[in-house]
Amino acid sequence: MMCRTRALHGLAVALAVFCGLFVVTPGELTAADDKPRPPNIVFLFCDDLAYQAVSAYGDGRKLLDTPNMDRLAKEGMLFERCLVTNSICGPSRATILTGKYSHKNGFYNNTNSRFDGSQQTFPKLLQAAGYSTAMIGKWHLVSDPTGFDYWHILPGQGLYYNPPMIKNGEKVDHQGYTTDIITDLSIEWLEGRDKSKPFLLMSQHKAPHREWSPALRHLGWDNDRVYPEPATLFDDYSGRSKAVSDHDMGLDRTFTDLDAKFRPAPNLTPEQLAEWNKYYEPRNEAFQKANLTGRDLVRWRYNRYMHDYLGCVKAVDENVGRLLDYLDKNDLADNTLVILTSDQGFYLGEHGWFDKRWIFEESVRSPLLARWPGVTKPGSVNNNLVSLLDFAETFLDVAGLDVPADMQGRSLVPLLKGNTPEDWRKSLYYHYYEYPVPHRVRPHYGVITDRYKLIHYYKPDVDDWELLDREKDPHETKSFYNDPAYADVRQELHAEVERLRTEVDEGEPPREAYGNRPFDFDPSQPNPPANKKGKKKSTD
Ligand code: CA
């Protein structure tokens, strides 16, 4: 669909440049019309940030204090229920850029999907309308970024220390801790940007992704705290589908030497390694001597995991503070929408897990904080069902641009203004595909409402339905699908998931949606088949 605003603006720019007079920006155009300059957009993005680790949310464990993220909640809006549509990294990123489900943007999984950068994205539309656009940090969509005046990204998953990066196509080496570097580069870009234009900055952290390597300054930050355990740390998955119990993402079975820090983070300098070892070595020796098994072993892993994961989040929080300070000191805060969110949630021991993927609450829900001075009431809380699917339309709306009809979300601008439209969604469609590696989470789709979830595990060796009731069972430990008391609810949810499948226009997924491994592939066997390009790729 042609965007009227964009077309008019493009014409104005072309005329101005042709006449050799000056370069027109939307700000100047709208200023002439006596309208304010369109807001800047700062999109602060994390990888695998659990809402449980953000103190503005929390889950009762008081895991971490995040004063800088909390500042966004105090000065803006906290969304209680921002859900993803396919809970892994690449697919969420593709959905954010396009405002479309995986089956429409073509990026289903992290195993063999490649983002088609020729398709419509919101950064392209903002760029065409005169915004300066930058993508800095973790990109993770295989193809090169498009729609950005400047990009400076980690290749693939990237490294936590001394990361090689790619700046507009050229390899650049950096020294230091990646979370700090991504913020340094973001501030550098803000300093040097074309200040006559409004801007979109997407500042995207690698942290706190596995293997959760904290900054050296945060080793030991928690003084060897023993963490409160989640209620479901020792979930036995009884009464649930085989799809749930037969996972490969448990603290009891999947925790590697890198996860446990029995091996150091890759790419440390000798000086960094010495500091790393000073913290981990004595603790690892004590662990070896203790010879833990069973639940004690799981508890040790849980506490090691919390130190490392939360340490990574601590660095992100400090860097959120640095960026907010920069906006303050440069008089940018008042006309800038700041969003803080994550590509999905993450398990911090719930159900005995780390990782994500499932339709269950901890992984399907992203933290979402939004500060928009003069528009969004400070300290407000929104309880509507919103989604990463809504961001593209939101940012176009914020910029005053038309929204293409083929986008599948909905602008959050009315919500940010404190008004929920009467016809706001009451349910959201979800579909996860990637199987069997990594983590052996079987493909499933379903519908999510305020209270219920209906889930269908359908491939390759299961055909199970589950019905969750978060009001009766907030930790999602049982299915009410076969409970006669739920017959009406079950029928309604079946009708709703079918309605949504029609609405989002999803048919039978292609085989490649699930990745390129055989469904019976066993990663413990030697010589696994290579992927299409013949090179090993991190798929987490
Ligand atoms: Ca992720």
Residue set 151, 221; condition of a type outside the set (S, T, N, Q), open to solvent by 30 Å² or more (accessible area, probe 1.4 Å) and not in a helix (DSSP H, G or I); output residue 221
Checked the stretch 207-218 for anything open to solvent by 40 Å² or more (accessible area, probe 1.4 Å) and part of a loop (DSSP other than H, G, I, E, B); matches are 211
For the stretch 288-299 the number of residues that are part of a helix (DSSP H, G or I) and surrounded by fewer than 18 Cβ atoms within 10 Å (Cβ to Cβ) is 7
Inspect the stretch 180-187 for any residue being within 18 Å of residue 48 (Cβ to Cβ), touching a His at 6+ places or on another chain (Cβ under 8 Å), assigned to a helix (DSSP H, G or I) and of a type outside the set (Phe, Trp, Tyr) and give the result as yes or no. yes
Taking the stretch 339-377 and keeping only residues that are surrounded by 24 or more Cβ atoms within 10 Å (Cβ to Cβ), among the hydroxyl-bearing types (Ser, Thr, Tyr) and either closer than 16 Å to residue 476 by Cβ or away from the ligand (no atom under 13 Å from the Cβ) (or both), one is left with 347, 363
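Residue by residue, here is whether (1) away from the ligand (no atom under 16 Å from the Cβ); (2) within 19 Å of the chain's Cα centre (by Cα) holds:
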{"position": "36", "(1), (2)": "yes, no"}
{"position": "49", "(1), (2)": "no, yes"}
{"position": "56", "(1), (2)": "yes, yes"}
{"position": "65", "(1), (2)": "yes, no"}
{"position": "72", "(1), (2)": "yes, yes"}
{"position": "80", "(1), (2)": "yes, yes"}
Note on the stretch 172-226: residues at positive phi and under 23 Å from the mean Cα position of the chain (by Cα) are 212
Over the stretch 189-212, the set of residues within 16 Å of the ligand (Cβ to nearest atom) and acidic (Asp, Glu) is 211
Flagged in the stretch 154-167 as open to solvent by 20 Å² or more (accessible area, probe 1.4 Å) and in a strand (DSSP E or B), in numbering order, are 164, 166, 167
| request: Could you tell me whether the stretch 172-179 includes any residue that is within 26 Å of residue 95 (Cβ to Cβ) and either modelled with pLDDT under 95 or open to solvent by 30 Å² or more (accessible area, probe 1.4 Å) (or both)? | output: no
If we ask which residues in the stretch 495-508 are over 13 Å from residue 449 (Cβ atoms) and either touching a Leu at 6+ places or on another chain (Cβ under 8 Å) or part of a loop (DSSP other than H, G, I, E, B) (or both), their number turns out to be 5
query: Before we move on, is residue 231 small (Gly, Ala, Ser), in contact (Cβ under 8 Å) with a residue 12 or more places away in the chain and open to solvent by 40 Å² or more (accessible area, probe 1.4 Å)?
result: yes
In the set 95, 121, the lone residue that is open to solvent by less than 10 Å² (accessible area, probe 1.4 Å) and more than 16 Å from the ligand (Cβ to nearest atom) is 121
Reported set for the stretch 250-276 where residues are assigned to a loop (DSSP other than H, G, I, E, B) and either over 16 Å from residue 306 (Cα atoms) or polar (S, T, N, Q) (or both) is 253, 254, 256, 263, 264, 265, 266, 267, 268, 269
Result of the Cβ filter at 7 Å on the stretch 53-76, keeping first residues that are over 11 Å from residue 313 (Cβ atoms) and partners that are among the small types (Gly, Ala, Ser) and at pLDDT below 95, at least 6 apart or interchain, is none
Can you confirm whether the stretch 21-35 contains a residue that is more than 30 Å from residue 211 (Cβ to Cβ), crowded, with 19+ Cβ neighbours inside 10 Å, at pLDDT 95 or above and not β-branched (Val, Ile, Thr)? no
| message | Within the stretch 314-323, does at least one residue satisfy the condition of being part of a helix (DSSP H, G or I), within 16 Å of the ligand (Cβ to nearest atom) and modelled with pLDDT of 95 or more? | response | yes
So, first residue farther than 18 Å from residue 324 by Cβ in the stretch 174-201, second residue of a type in the set (Ser, Thr, Tyr) and open to solvent by less than 10 Å² (accessible area, probe 1.4 Å), Cβ within less than 6 Å, six or more apart or across chains; the pairs are 194/132; 196/25; 197/25; 197/132; 198/131
Subset of the stretch 125-148, residues open to solvent by 20 Å² or more (accessible area, probe 1.4 Å) and hydroxyl-bearing (Ser, Thr, Tyr), comes to 146
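The values are calculated or read from the model by the stated rules, or taken from the named source; none is laboratory data. Every value quoted in this text rests on a predicted model; they were computed, and no experiment measured them. FYI the Cβ positions are ideal-geometry reconstructions off the backbone, even for glycines, and counts take in every protein chain you see. Quick note on the areas: whole protein, heavy atoms, side chains included, nothing else; ligands and nucleic acids left out. Shrake-Rupley method; radii C 1.70, N 1.55, O 1.52, S 1.80 Å.
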